[in-house]
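Colleague: Pasting in a structure now, in structure tokens, and then I'll have a few things to ask.
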Ligand code: 2AM
Ligand code: CA
């Protein structure tokens, strides 16, 4: 980190870190051991929903206890305006299907906005033993099993045909089928594709230099708010359709070399036309 942090941004970061750590521990330690087996039955979704709700409640209670005038937008229904100019955008459990099956790629994602701009973001991935964080203008870094912090820097430039690109598929069958067609056209033109299952972690993997690009349709603000800042602070470019911010139509992120060619290609494929 270079310039000293704005004290408000620093306060919001520390609160996000604490909330993400506690919610991550709740999800990790509270996950029923037989959840993977229960995944074959019809009830497990409810178990996951209960964990989602409990994690969001923990986060909102902790933050509003300290900062009662802030607003909230959460996947599990938190939605208040607030009066302080600060709004928290929360995905208490991103990568729900991975969590259900016992795969490690799930995360707690917490972003803090001031007057509509994300200023701090934390993505905690407890089963990876890693947490990714960023402050606007203050860089991105990870903490984990190693000593101290690691600054995050996205990969050096690679041509698109050497790019490892992650994506995701919607829960709605017809939308998934269309996305699969686009992915099938992309595969011969890139190094390979990945499907991690957590938008927040995909964006952080881009920040870590573990991917060259990422795109997905059908995301919500809470899936991307923290990861978007972390990716940008690590030197990645993020956006949506040309000239736009990430949206439900398209969330796209890449190293500076990969972003534009990937955006152009997805446009040629009609990726954001229904
Ligand atoms: P979730 O795990 O919180 O549902 C998977 O491709 C990524 O997309 C995950 O981050 C998942 O978040 C997110 N996602 C959100 N809404 C989705 C939807 N309607 N269909 C598919 N994925 C969705
Ligand atoms: Ca999510």
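The values are calculated or read from the model by the stated rules, or taken from the named source; none is laboratory data. Only a predicted model underlies this, so the values are computations on that prediction, with no experimental measurement involved. Ideal geometry is used to build each Cβ from the backbone, glycine not excepted, and the neighbour counts take in all protein chains shown.
Colleague: Here is a list: 140, 107. Which entry is crowded, with 24+ Cβ neighbours inside 10 Å, in the same structural domain as residue 54 (by TED's automatic domain parsing) and either at positive phi or within 16 Å of ligand 1 (Cβ to nearest atom) (or both)?
Modeller: 107
Colleague: Could you check how many residues of the stretch 111-153 are touching a helix residue (DSSP H, G or I) at 6+ places or on another chain (Cβ under 6 Å) and closer than 19 Å to residue 253 by Cα?
Modeller: 13
Colleague: Please work out if residue 172 is more than 16 Å from ligand 1 (Cβ to nearest atom) and farther than 29 Å from residue 138 by Cα.
Modeller: Answer is no for this residue.
Colleague: Out of the strands (runs of 3 or more DSSP E) lying entirely within the stretch 67-132, which hold 2 or more residues that are more than 16 Å from ligand 2 (Cβ to nearest atom)?
Modeller: 86-94, 107-114, 117-125
Colleague: Exactly one of (1) surrounded by 16 or more Cβ atoms within 10 Å (Cβ to Cβ); (2) within 14 Å of ligand 2 (Cβ to nearest atom); (3) more than 27 Å from residue 12 (Cα to Cα) is unmet by residue 221. Its number?
Modeller: (3)
Colleague: Give the residue, chosen from 117, 113, that is within 22 Å of residue 219 (Cα to Cα), more than 15 Å from ligand 1 (Cβ to nearest atom) and surrounded by 18 or more Cβ atoms within 10 Å (Cβ to Cβ).
Modeller: On the way: 117 fails: surrounded by 18 or more Cβ atoms within 10 Å (Cβ to Cβ).
Result: 113 is the single residue among 117, 113 that is within 22 Å of residue 219 (Cα to Cα), more than 15 Å from ligand 1 (Cβ to nearest atom) and surrounded by 18 or more Cβ atoms within 10 Å (Cβ to Cβ).
Colleague: Go over the candidates 234, 226 one by one and state the one that is in contact with a strand residue (DSSP E or B) (Cβ under 8 Å, 6 or more places away or on another chain) and away from ligand 2 (no atom under 14 Å from the Cβ). Full working, then the answer.
Modeller: Working: 226 fails: away from ligand 2 (no atom under 14 Å from the Cβ).
None of the other options fit; the residue is 234.
Colleague: Separate question: Might you let me know whether the stretch 27-35 holds any residue that is part of a helix (DSSP H, G or I), over 30 Å from residue 116 (Cα atoms) and at pLDDT below 90?
Modeller: Of all residues in the stretch 27-35, those part of a helix (DSSP H, G or I) come to 27-30, 35.
The next check asks that each one be over 30 Å from residue 116 (Cα atoms); those that pass are 28-30, 35.
Next, from what is left, pick out any that are at pLDDT below 90: 35.
So far as the stretch 27-35 goes, yes, one or more of its residues are part of a helix (DSSP H, G or I), over 30 Å from residue 116 (Cα atoms) and at pLDDT below 90.
Yes/no matrix, rows are residues, columns are (1) assigned by TED's automatic domain parsing to the domain that holds residue 93; (2) more than 13 Å from the chain's Cα centre (by Cα); (3) more than 14 Å from ligand 1 (Cβ to nearest atom):
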site	(1), (2), (3)
178	no, yes, no
198	no, no, no
205	no, no, no
224	no, no, no
229	no, no, yes
240	no, yes, yes
246	no, no, no
253	no, no, no
258	no, yes, yes
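Colleague: Taking residue 172, is it within 16 Å of ligand 2 (Cβ to nearest atom), farther than 21 Å from residue 107 by Cβ and either outside the structural domain of residue 76 (by TED's automatic domain parsing) or over 21 Å from the mean Cα position of the chain (by Cα) (or both)?
Modeller: Taking the combined requirement at face value, the residue satisfies it.
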